[in-house]
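Here's the structure we're looking at; comments come further down.
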Amino acid sequence: MLAVVGPGAVGGLLAALLHRAGEDVVAVARPATAQRLLADGLHVRSELYGEWTAHLPVATEAPDGAAVVLAVKAYALPHVLPDLVTARPAEVLALLNGTAHAETLRRAGLTVAGASIQVESVREGGVVVHRGGFCNLTVPDDAASWRTTRALEGAGVAVRTGGTETEVLWHKYAFLAPMALLTSWTDEPIGPALEREPALAAGLVAEVAAVATAEGVPTEPAGLDRALRRLPETMRSSLQHDVHAGGPAEIEALGGDLLRLAERHGIDVPVLARVVGDVRGRLG
């Protein structure tokens, strides 16, 4: 059996795709969400996959021994971890932002692969809205044959391998962190956010690249800057949406952990410290 823990914007899309593909899958959600899904199903509106309602099994706890796709926000991990430990899943394909979660899951005795998903998916009311023509999953090489990986590929997700877990997580993290922090700090889409204070944006990119390099994934600031500038100028981040709404938000996974890693490696990150401090202040 497959279980998608956290059937929100991303997890909901994946759970619905797996169900439509005929997989034996259950959506694991908090009680209120579980009741709504049981009553109404999980409605998806996708530019890539079409529009449908998945009436899939729902539970509030992961089934024992299931192969798990973990798609919660990073700040929700402490709430779902005890249940995962009790369920003893066969494998956990973790799609959380940041890098710290993989080691947290591993220390809890779970078989885990930290993976990266690129998808623009949001919740609008009770509907999962998937925008854009892509849903791309990158997994570590040693998770290529996992049950979860093969099932998601069979359900229509574009899957590729990306080296070690560290490489997979950092290739996304080094790109996502400055994008999320800049859009949240300015409360602007990425185009205007990069131009609000160009020196600050350049400093933030350079500091994130330095931390990524120290963690074993060589990253050039110029290449990272080019990648950010290739994004649609109107793109906003989920962190920005959450900060604008007053939280909870993934500021620790996308900023605080970077500060802690920089301190561990003895890297001076004044711009990162300023931006993270300001965003934390807005969250109270």
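Quick rundown of the values:
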| item | result |
| --- | --- |
| Three-way shape label, segment 146-187, alpha-carbon gyration tensor, a/c 1.5 | oblate |
| Antiparallel DSSP beta bridges within the chain, as percent of all bridges there, nearest 5 | 35 percent |
| Rounded if a/c under 1.5, otherwise prolate or oblate - segment 93-236, Cα gyration tensor axes | oblate |
| Backbone HN-Hα couplings from phi across segment 75-91 [Karplus 6.51/-1.76/1.60, Hz, Gly and Pro as x] | 6, 8, 4, x, 7, 9, 4, x, 5, 5, 4, 5, 6, 6, x, 5, 6 |
| Phi-based couplings in Hz for segment 128-142 (Karplus 6.51, -1.76, 1.60; Gly and Pro marked x) | 8, 10, 9, 9, x, x, 9, 8, 10, 10, 10, 10, x, 3, 7 |
| The chain, relative contact order in percent, only Cα pairs under 8 angstrom and at least six apart counted | 15 percent |
| Per residue solvent-accessible surface (Å²) - the chain, probe of 1.4 Å | 43 Å² |
| Square roots of five times the Cα gyration tensor eigenvalues for the chain, Å | 31, 21, 18 |
| Contact order normalised by residue count of segment 166-283, Cα under 8 Å, 6+ apart, percent | 35 percent |
| R0 of 25 Å, Cβ-Cβ distance Arg274-His244: FRET efficiency to nearest 0.05 | 0.80 |
| Alpha-carbon Rg/Rh ratio, for segment 166-283, with Rh computed the Kirkwood way | 0.93 |
| Within the chain, longest stretch clear of exposed GluC sites (Glu not before Pro) (DSSP loop, no more than 13 other Cβ within 10 Å) | 48-232 |
| The chain, accessible surface, carbon-and-sulfur percent (1.4 angstrom probe) | 51 percent |
| For Asp24, distant residues with modelled amide H under 5 Å away | Leu2 |
| Helix-only CD estimate at 222 nm, as mean residue ellipticity for the chain, using -39500 (n - 2.57) per DSSP H run (n ≥ 4) | -14500 deg cm²/dmol |
| Acute angle (nearest 10 degrees) that the helix 270-283 long axis makes with the longest principal axis of the chain, alpha-carbon atoms | 50 degrees |
| Nearest 10 degrees, 0 to 90: helix 198-214 Cα axis against the chain principal axis | 60 degrees |
| Residue among Leu48, Leu239, Leu194 with the largest mean-square fluctuation in a Gaussian network model of the chain, springs linking Cα atoms under 10 Å | Leu48 |
| Shape call, segment 2-163: gyration tensor on alpha carbons, a/c limit 1.5 | oblate |
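The values are calculated or read from the model by the stated rules, or taken from the named source; none is laboratory data. None of the values given here were measured: they were computed from a predicted structure. Counting neighbours? That spans all protein chains shown, and the Cβs are built from the backbone with ideal geometry, glycine included. Surface accessibility is based on the protein's heavy atoms, side chains included, excluding ligands, DNA and RNA. Shrake-Rupley method; radii C 1.70, N 1.55, O 1.52, S 1.80 Å.
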